[in-house]
Amino acid sequence: AELKKDAPFEQEAFDKATTRVRRTLTDRGYAYAKVKDDAAVDVVTHRADVILTVTPGRPCTFGPVTLEGLGSLPEDKIRQAADIPVGKPFSEAELDSAQQALLDLGVFASVELIPDLPEPPREDGVVPIRLKVEPTRLRTIRLGGGLEFDALKTDVHGLIGWENRNFFGGLRTFAVTFKPGVVLYPIRVNNLVAPSQLLPEERLRVDFLQPGLFEARTNGFLRPELNAQALLLNPDPPPNQRVIGYA
C-alpha cells in the first residue's frame, strides 16, 4: 500500500514501507523479524526497483514479565492492567496496548515495556518482558480562584480540590472538587452598574474510578455532581427583580 507501481519514488514512503513490513511480522509472533531495504535506480529510464529482503525468524511467545520502579504501588493491579499472559504469541501491538492501558491509570509519568531479545534467540522462542515504570505524584491538592465576566454574569469564585490516585490501595482514584462563588448581580458586559445583590453559587463534584472492574481493561466509575446557581436569563433585569435559582 505504501509503494504503488508508477508512483513517484519518495524516501518517506520507502522508509514507511520497510517499517510496516517489519511491524506486520512483529505483531504476529515474529519478534526477531528483520527487513533489509534496497532500491535499484535506473537513471536512464528514471525508475527504481524496490527490494525488501525479509528474515522473519521463528515464531515467539511472551515470557514472564518483571517489574521495575513500582515503589508502593500494588503489583497485582499493575499486572492485571498490563494483561500480558505468558505463552501468548508475541505482538508489538499488544505491548503498545499494554503501555497505553498503564498510562491511562494516571499513576505513572512514564511506562516502558522492553522485550528481552538476545542474540542468538532462545531455542524455546520465549521472550521475557521488562516493565519499567516511573510513578507520578499520587496525591494532589488544588487551591485557586477566578473571575468570570461575560454577557450573562459576573462572578468571583474559588477552587478547592483533593485527589488520591491510589485510594485505599488497588489504584482506585478518588477526587473531590468544590467551587464556591458569588455572583455580582446584575453586573455583566452590557450592564455596568453597581451590584444590588450577591447571589451565592457552588459546584461540587466527586469522582471515583475502579480499574479492572470486570476484566483487565474495564474500568468502573461513579461521578456525582451537585450544582447550585442562579438562572440569569434576563439580559436587562428590572430593579429588585427576584432571581430564580436551581440546584
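The values are calculated or read from the model by the stated rules, or taken from the named source; none is laboratory data. Quick caveat, the model's predicted, so the values are computed rather than measured. Cβ sites come from the backbone with ideal geometry, for glycine too, and all protein chains shown count toward neighbours. Side chains included, ligands, DNA and RNA excluded: accessible areas come from the protein's heavy atoms. Shrake-Rupley method; radii C 1.70, N 1.55, O 1.52, S 1.80 Å.
Structure summary
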item	result
When residues of the stretch 24-52 are limited to those that are of a type in the set (A, V, I, L, M, F, W, C) and part of a loop (DSSP other than H, G, I, E, B), the one farthest from P120 (Cα to Cα)	V44
Only one of T140, T154 that is under 22 Å from the mean Cα position of the chain (by Cα) and of a type in the set (S, T, N, Q)	T140
Count of residues meeting criterion [among the charged types (D, E, K, R) and not in a strand (DSSP E or B)] in the stretch 121-135	3
Residues within the stretch 84-107 that are crowded, with 16+ Cβ neighbours inside 10 Å, outside any helix (DSSP H, G or I) and at pLDDT below 95, tallied	3
Residue check, I244 farther than 30 Å from A101 by Cβ, in contact with a Phe, Trp or Tyr (Cβ under 6 Å, 6 or more places away or on another chain) and open to solvent by 70 Å² or more (accessible area, probe 1.4 Å)	no
Selection status of V127, over 30 Å from N164 (Cα atoms), among the β-branched types (V, I, T) and open to solvent by less than 50 Å² (accessible area, probe 1.4 Å)	yes
Qualifying residue in the stretch 186-201 (condition: touching a strand residue (DSSP E or B) at 6+ places or on another chain (Cβ under 7 Å), modelled with pLDDT of 90 or more and open to solvent by less than 40 Å² (accessible area, probe 1.4 Å))	yes
Matching strands (runs of 3 or more DSSP E) fully within the stretch 170-235 where at least 2 residues are within 30 Å of D76 (Cβ to Cβ)	173-185, 197-210, 220-222
Condition met for G161 (out of contact with any helix residue (DSSP H, G or I) (no Cβ under 8 Å at 6 or more places or on another chain), in a strand (DSSP E or B) and open to solvent by less than 40 Å² (accessible area, probe 1.4 Å))	yes
Pairs with Cβ under 9 Å, 6+ apart, first in the stretch 53-67 and within 11 Å of L25 (Cα to Cα) and in a strand (DSSP E or B), second of a type in the set (D, E, K, R) and open to solvent by 40 Å² or more (accessible area, probe 1.4 Å)	V54/R22; V54/K34; V54/K36; T55/K34; T55/K36
